[in-house]
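Colleague: This is the structure I have questions about; it appears just below.
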Amino acid sequence: MKRVVITGMGIYSCLGNGLDAVRQSLYDGKSGIVFDQARKDMGFRSALTSYLEVPDLKKELSRSQRVYMPEQAKYAYVATAEALKNAGIDQDYLNANEVGLLYGNDSSAEPVFRSITTMLEKKDTTLVGSGGIFQSMNSTVTMNLACIFKLRGINLTVSGACASGSHAIGLGTLLIRNGLQEMVVCGGAQEVNPYAVGSFDGISAFSTREDQPTKASRPFDRDRDGLVPGGGAATVIIESYESAVRRGAPIIAEVIGYGFSSNGDHISVPNVDGPSRSLQMAIKDAGIDIREIGYINAHATSTPVGDRNEAKAIYNVFRDYNVEVTSTKSQTGHEMWMAGASEVIYSTLMMKNGFIAPNINFENPDEDSAKLNIPSKRVSKKFDTFLSNSFGFGGTNSTLIIKNL
Amino acid sequence: MEKAELIEKVNTLLSEEFEVETDVMTPDANIKQALQLDSLSIVDMVALIENEFGVKIKPAEVSQLTTFGKLYDYIAEHI
């Protein structure tokens, strides 16, 4: 089995464009959440969302490349360009090697909405335009990135709800371990527009603390009242250790464990057993003692039942080993299809820089979060291994364990 | 609409959408080459003309509109 290392990272999020800006935002405990009047005007219960601008790529990409890209593909392009650059990979390398692509994405609602609106109003499919089909498909991110960067290995979208980005990294790791790929561009992307989350708002999943946007996402806090939707894109370049050494690449960290499970239960309500099994599988896969884990990046989205059950699952596995647990969603909101990949990047940035970002807005614990060590202030701590949880609708669970190198 | 005005309007529209300078749009110039259109983006040109001028270019006729001159004439005839 080959060892799998991370050699490049890139991110476009509400905490900043690029690793440096995001690291600083994490360090400062900055919130990326705002009130969006447009959502209120559409009848949303909650108009809260993360905020980021859609990048203008006119200078970087031709019209014929951009026209097939919905917003999340643009975020993914920016993140991937940064990750490839940091990994020391240029177009010549991509042309000469079979580099794979596994990216999490589980919706593309705005192009679907616009296409259907045009069809209903104009009764003429030509007017939808050539971009409609390519922007609307779930695989829009991978199809665009593969064509832009001319990637020639595996080319596949991972749709695993809010665990999509995490599963993408986990599955990429398995391909490299088994020698089927030497390098895989992994990540997750999430659109940020009202059409994508209207129904999610309608089922009362979102926090309605609209008078205090930056206080609304409060994972593990007793008074949490729902999540805040977010998005952007995060890219992680993984490759075999041998490949990284051969290239003289900057080796950032190693993916040592991947665990997964399905709850086999309710479509939206998570349970305790499924996440517990995912955690245990990842730890077994990594072959480490839990006391080697110096930080846990929780999935915790700020929903009452989700956070409670994850706290129980973490306590079930870690018991009296009171390692720091935080949810970076307190700062970013829930980045959904992107979250599993972005949170690996957030945690890696913390690991490389010796701190744990605060779980902002954690003011009072509930019965279950009281059993965990959840810092509400930034912690200065050197740690060499972290665990990152991602769970999704339908009961899909993914856990990654990353070690510093 | 005067023909000169129509030509200017078409050229401006195509220039903005396909990001090419209007000076390549001479009456005898080949549309696909000048605008760098492929089989997908030609659909966007048809949609653009229909949205702006209310002129629907029939699929069978698209391939016959090879030059800008033919396109101007077609729009002028159907507007």
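The values are calculated or read from the model by the stated rules, or taken from the named source; none is laboratory data. Quantities reported herein were computed from a predicted structural model and do not represent experimental measurements. With ideal geometry, Cβ positions are generated from the backbone for all residues, glycine too; neighbour counts draw on all protein chains shown. When the accessible area is computed, the model is the full protein with side chains, heavy atoms only, and any ligands, DNA or RNA have been set aside. Shrake-Rupley method; radii C 1.70, N 1.55, O 1.52, S 1.80 Å.
Colleague: Note down the relative contact order for chain A as a percent, whole number, built from C-alpha pairs under 8 angstrom at least six residues apart.
Modeller: 24 percent
Colleague: Assign one of three labels to the protein assembly as shown, namely rounded, prolate or oblate, based on the Cα gyration tensor with a ≥ b ≥ c the square roots of its eigenvalues; rounded applies when a/c is under 1.5, prolate when it is not and a/b is larger than b/c, and oblate otherwise.
Modeller: prolate
Colleague: Roughly how crowded by other chains is peptide B:40-51, in terms of the mean Cβ count from those chains within 10 Å of each of its Cβ atoms? All intermediate terms of the calculation are to be shown ahead of the outcome.
Modeller: Working: counts 8, 6, 1, 8, 8, 1, 4, 9, 2, 0, 4, 5.
Per residue, the number of nearby Cβ atoms from other chains is 5 on average.
Colleague: Right, another one. Can you grab the distance from the C-alpha centre of the range A:55-98 to the C-alpha centre of the range A:195-214, Å, no decimals?
Modeller: Taking the Cα centre of the range A:195-214 as reference, the centre of the range A:55-98 is 32 Å away.
Colleague: Under a point spin-label approximation (7 Å from Cα along Cα-to-Cβ), what is the A:Glu53-B:Lys9 distance to one decimal in nm?
Modeller: 3.3 nm
Colleague: Taking the Cα centre as origin and putting +1 on Lys and Arg beta-carbons and -1 on Asp and Glu beta-carbons, what dipole magnitude results for the range A:249-405, to the nearest 20 debye? Before the final figure, lay out the partial values.
Modeller: Numbers: 14 positive and 17 negative charges, 75 e Å.
About 360 debye.
Colleague: Turning to a different aspect of this structure: Enumerate the calculated ³J(HN,Hα) couplings along the range B:42-56 in order (Karplus 6.51 cos²θ - 1.76 cosθ + 1.60, θ = phi - 60°), each rounded to whole Hz, writing x wherever the residue is Gly or Pro.
Modeller: Karplus values, whole Hz, x for Gly and Pro: 5, 5, 5, 5, 4, 5, 4, 5, 5, 5, 7, 10, x, 10, 9.
Colleague: Which shape class applies to the range A:296-405: rounded if a/c is under 1.5, otherwise prolate when a/b exceeds b/c and oblate if not, where a ≥ b ≥ c are the square roots of the Cα gyration tensor eigenvalues?
Modeller: Values: a/c = 1.37, a/b = 1.13, b/c = 1.21.
In terms of gyration-tensor shape, rounded.
Colleague: Rounded to the nearest 20 debye, what is the charge dipole size of the protein assembly as shown about its Cα centre when +1 sits on each Lys and Arg Cβ and -1 on each Asp and Glu Cβ?
Modeller: Numbers: 46 positive and 59 negative charges, 314 e Å.
Around 1500 debye, computed over the protein assembly as shown.
Colleague: Report, to the nearest whole %, how much of the accessible area of the protein assembly as shown belongs to carbon and sulfur atoms, 1.4 Å probe, protein only.
Modeller: Working: 9760 of 19370 Å².
Roughly 50 percent of what the probe reaches on the protein assembly as shown is carbon or sulfur.
Colleague: Given a 1.4 Å probe and no ligands, DNA or RNA in the count, how much accessible surface is buried by B and A, both sides, to the nearest 100 Å²? Each step should come with its number before you reach the end.
Modeller: Working: alone 4940 and 15440 Å², together 19370 Å².
Counting both chains, the buried surface is close to 1000 Å².
Colleague: Moving to a separate point now. With a 1.4 Å probe and all protein chains left in place, how much accessible area per residue does the protein assembly as shown have, in Å²?
Modeller: On the way: 19370 Å² over 484 residues.
Accessible area per residue, the protein assembly as shown: 40 Å².
Colleague: How big is the antiparallel share of DSSP beta bridges in the range A:46-202, given as a percent to the nearest 5? The partial results should precede the final answer.
Modeller: Details: 0 of 10 bridges.
Of those bridges, close to 0 percent are antiparallel.
Colleague: Okay, next question. Starting from the Cα gyration tensor of the range A:204-282, take the square roots of the eigenvalues, sort them a ≥ b ≥ c, and report rounded, prolate or oblate (rounded when a/c is under 1.5, otherwise prolate if a/b is larger than b/c, else oblate). Present the calculation step by step, with values, prior to reporting the outcome.
Modeller: Numbers: a/c = 3.30, a/b = 1.64, b/c = 2.02.
Judged from the Cα gyration tensor, the range A:204-282 comes out oblate (a/c at least 1.5, b/c at or above a/b).
Colleague: Alpha carbon centre of the range A:105-144 versus the range A:11-51: separation in Å?
Modeller: Using only Cα atoms, the two centres lie 26 Å from each other.
Colleague: Rounded to whole Hz and in sequence order, give me ³J(HN,Hα) for the range A:180-188 from the Karplus expression 6.51 cos²θ - 1.76 cosθ + 1.60, θ = phi - 60°, writing x for Gly and Pro.
Modeller: 7, 9, 8, 8, 9, 7, 10, x, x
Colleague: Further question on the same structure: Run the dipole for the range A:1-148 about the Cα centre, Lys and Arg Cβ at +1, Asp and Glu Cβ at -1, nothing else charged, and hand back the magnitude in debye, nearest 20. Before the final figure, lay out each step's value.
Modeller: Values: 16 positive and 16 negative charges, 35 e Å.
Result for the range A:1-148 is approximately 160 debye, rounded to the nearest 20.
Colleague: What is the average number of partner chain Cβ atoms found within 10 Å of a Cβ in A:122-132?
Modeller: Details: counts 3, 0, 4, 2, 9, 8, 2, 8, 10, 4, 1.
That works out to 5 on average.
Colleague: Now a separate question. Please state the relative contact order of the range A:279-405 as a whole percent: Cα pairs under 8 Å, 6+ residues apart? Numbers along the way, then the final one.
Modeller: On the way: 200 pairs, mean separation 41.4, N = 127.
Relative contact order of the range A:279-405: 33 percent.
Colleague: Could you identify which residue out of A:Val22, A:Val141, A:Val344 has the top mean-square fluctuation in a GNM of chain A using Cα springs shorter than 10 Å?
Modeller: A:Val22
Colleague: Same structure, new question: Take peptides B:4-16, A:192-204, B:54-66 and line them up by average Cβ neighbours within 10 Å, highest first, as a rough protection proxy. Before the final figure, lay out each step's value.
Modeller: On the way: B:4-16: 15.2, A:192-204: 17.7, B:54-66: 13.2.
Highest to lowest by the protection proxy: A:192-204, B:4-16, B:54-66.
Colleague: Now a separate question. Using the structure shown, select from A:Lys123/B:Lys32; A:Lys30/A:Lys371; A:Lys30/A:Lys150 the pairs with a Cα to Cα distance greater than 32 angstrom.
Modeller: On the way: A:Lys123/B:Lys32 27 Å; A:Lys30/A:Lys371 26 Å; A:Lys30/A:Lys150 36 Å.
Beyond 32 Å between Cα atoms: A:Lys30/A:Lys150.
Colleague: Between A:Met42 and B:Ala76, what FRET efficiency follows from the Cβ-Cβ distance if R0 is 41 Å, with the result rounded to 0.05? It would help to have the intermediate numbers written out before the result.
Modeller: Details: r = 42 Å, r/R0 = 1.02.
Once the sixth-power term is evaluated, E becomes 0.45.
Colleague: Next up: Whole-Hz Karplus ³J(HN,Hα) for the range A:52-59, in order, using 6.51 cos²θ - 1.76 cosθ + 1.60 and θ = phi - 60°, x for Gly and Pro?
Modeller: 7, 8, 6, x, 8, 9, 4, 7
Colleague: Where the centroid of each part is defined by its Cα atoms, how far is the range A:273-352 from the range B:1-78 in Å?
Modeller: 56 Å
Colleague: Still on this model: Antiparallel DSSP bridges in the protein assembly as shown: what percent, to the nearest 5? Intermediate values should be presented prior to the final figure.
Modeller: Working: 45 of 63 bridges.
The answer is about 70 percent antiparallel.
Colleague: Helix-derived [θ] at 222 nm for chain A: sum -39500 (n - 2.57) over DSSP H runs of at least 4, divide by residue count, nearest 500? Write down the numbers at each step before the final one.
Modeller: Details: 16 runs with 152 residues, N = 405.
Value at 222 nm, helices only, nearest 500: -11000 deg cm²/dmol.
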